[in-house]
Amino acid sequence: MTDSNNNVRENLDTVLSQIAKAARAVSRPPADVTLIAVSKTHDAESIAPVIAAGHRDFGENRVQEAQTKWPALKTGAPDLRLHLIGPLQSNKAADAVALFDVIHTVDREKIAIAISAEMTRQGRRPACFVQVNTGREPQKAGIDPGEAEGFVAACRTQWNLPVAGLMCIPPAEELAAVHFGFLKDLARRTGLAQLSMGMSADFEAAVRHGATHVRVGSALFGTRKKMETEGN
Ligand SMILES: *Cc1c(COP(=O)(O)O)cnc(C)c1O
């Protein structure tokens, strides 16, 4: 095993204990928070030690990249859960439904309809999160906060999607806690129990604000070599 693999295992222990500490600080059981190890841009060799350490939740932001890496990695750990955390194009909906166990980025009618049709066709029902653009950033994916309640209702009743929760990516230059608090209120209003929020820079704050899923990449695997764009 190389040094960098040892580092990834150490980082995993560190992040898990930081999550546990943040959870206990607000009287939440640490087991209520799922750490999604965001492995985008990292190859199978970097990911394998994290699987070997017993970790089972992984996130990727591109369908195509995930298709090249994960089928082989999954054969060694059939119980692992793969999370799609990047924007989804409707022409990738079939592949996404086939490969992923959770889709965090349902954010518009066209995508909801495409996923719903694929679920029916394939007989697979990955859990869905509705992504909310809490900062109303034009370049960012996510439903407008003002339309979120209606969209969640339509996902449930019109398209029969298994909606588990809400997801957000706060604007980089704003206080993340405000966005986490907003998302938590919105989840309460829509009767959703799960919150996908918090990344390497702010996952402890997210846990204190009720995150059930934190998406952590660089704090585990190190900084990524190139700035990847969002999406597929
Ligand atoms: C890359 C990515 C992350 C992880 O980011 P880090 O800052 O490396 O922890 C989390 N969420 C989404 C949607 C991402 O694209």
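Some observations on this one:
- Exactly one residue out of Val50, Val38, Val106 is of a type in the set (Val, Ile, Thr), touching a residue at least 40 places away in the same chain (Cβ under 8 Å), farther than 29 Å from Asp185 by Cβ and touching a helix residue (DSSP H, G or I) at 6+ places or on another chain (Cβ under 9 Å), and it is Val50.
- Residue in the range 191-210 that is farthest from Thr14 (Cα to Cα), counting only those that are small (Gly, Ala, Ser), assigned to a loop (DSSP other than H, G, I, E, B) and within 16 Å of the ligand (Cβ to nearest atom): Gly198
- Looking only at residues of the range 160-173 that are modelled with pLDDT of 95 or more and more than 19 Å from Ala127 (Cβ to Cβ), we find that the one that is farthest from the ligand (Cβ to nearest atom) is Pro171.
- Taking each residue of the range 166-189 that is more than 19 Å from Ser200 (Cα to Cα) and looking for partners that are hydroxyl-bearing (Ser, Thr, Tyr) and surrounded by 12 or more Cβ atoms within 10 Å (Cβ to Cβ) with beta-carbon atoms closer than 6 Å, six or more apart or interchain, yields Phe182/Thr134.
- Test for Lys110: is it charged (D, E, K, R) and surrounded by fewer than 19 Cβ atoms within 10 Å (Cβ to Cβ): yes
- From the list Asp144, Asp185, the one residue that fits, being among the charged types (D, E, K, R), surrounded by fewer than 16 Cβ atoms within 10 Å (Cβ to Cβ), closer than 25 Å to Pro30 by Cβ and more than 10 Å from the ligand (Cβ to nearest atom), is Asp185.
- Here the condition is being of a type in the set (Phe, Trp, Tyr), under 24 Å from Asn91 (Cβ atoms) and either within 12 Å of the ligand (Cβ to nearest atom) or surrounded by fewer than 13 Cβ atoms within 10 Å (Cβ to Cβ) (or both); of Phe129, Phe221, it holds for Phe129 alone.
The values are calculated or read from the model by the stated rules, or taken from the named source; none is laboratory data. For clarity, every value in this text was computed on a predicted model and none was experimentally measured. Heads up, the Cβs are rebuilt from the backbone with ideal geometry, glycines too, and the neighbour counts pull from every protein chain shown.
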